[in-house]
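The values are calculated or read from the model by the stated rules, or taken from the named source; none is laboratory data. Nothing here was measured: the structure is a model prediction, and the numbers come from that model. Cβ atoms come from the backbone with ideal geometry, glycine included; neighbour counts cover every protein chain shown. Quick note on the areas: whole protein, heavy atoms, side chains included, nothing else; ligands and nucleic acids left out. Shrake-Rupley method; radii C 1.70, N 1.55, O 1.52, S 1.80 Å.
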Amino acid sequence: PAVKLPRSPTRSASESYFDHCGTGSPLKLDPWNTNYGIPLDTAVCVFTAELPPSSQSDVNFCFLGKPEITSHEGPVDGQVRCVAEGYPAPQIKWYYCDQYVRCSQQKNATQEEHNVRTVTLVSPKFGKTGVESRVNVNRGRFNTLECVATAEGEQAFILFSISGK
């Protein structure tokens, strides 16, 4: 299993770290480094391992990072849809509230747990897992619905206006 490296005051939110799936050997990825024409979500790692002459070893790197909401729509036909991806697979939760603010941060928010359908869209051996969640909208009672995707303590969110106004 992957191990999340602790945040330190010297790390910015834009920096990503990963380790060799639990060995604790951190490598830093700088997403602002655009040298060599490498896309920002791509890393090129070169390392040397000393192994006996006829041996072979596989190395798996597990990238940990903030989940991302990649698609959203609604309300359409009484439903709202939210798609997130990340590693590990994000958990999606839904919150209702009266004002157009982060519902999950409000004391009087209501978490929707009953009218939710969540499925895993893609779960590759390596890379980000996609998760889709749909909720039947409860119109009239609240004005705002928030989709919150969480993975390893990191969050992404999107707000939906459901008041019908």
* To do: Name every residue in segment 149-163 that is open to solvent by 50 Å² or more (accessible area, probe 1.4 Å) and closer than 16 Å to Q99 by Cβ, in order of residue number.
  => F157, S161
* Asked: Out of segment 92-108, which residues are open to solvent by 20 Å² or more (accessible area, probe 1.4 Å), in contact (Cβ under 8 Å) with a residue 24 or more places away in the chain and not in a strand (DSSP E or B)?
  -> D98, Q99, Y100, V101, R102, S104
* Asked: Only one residue in E146, E112 is over 17 Å from the mean Cα position of the chain (by Cα), among the charged types (D, E, K, R) and open to solvent by less than 70 Å² (accessible area, probe 1.4 Å), so which one is that?
  -> E112
* Please work out if V135 is loosely packed, with under 14 Cβ neighbours inside 10 Å and outside any loop (DSSP other than H, G, I, E, B). => no
* Of the numbered conditions (1) open to solvent by less than 80 Å² (accessible area, probe 1.4 Å); (2) farther than 18 Å from Q79 by Cα, F126 satisfies every one except a single condition; which is it? -> (1)
* Asked: Quick one: is E85 at pLDDT 90 or above, under 15 Å from Q155 (Cα atoms) and outside any helix (DSSP H, G or I)?
  -> yes
* Asked: Any chance segment 53-75 includes a residue that's modelled with pLDDT under 95, open to solvent by 60 Å² or more (accessible area, probe 1.4 Å), within 24 Å of G153 (Cα to Cα) and in contact with a Ser or Thr (Cβ under 6 Å, 6 or more places away or on another chain)?
  -> no
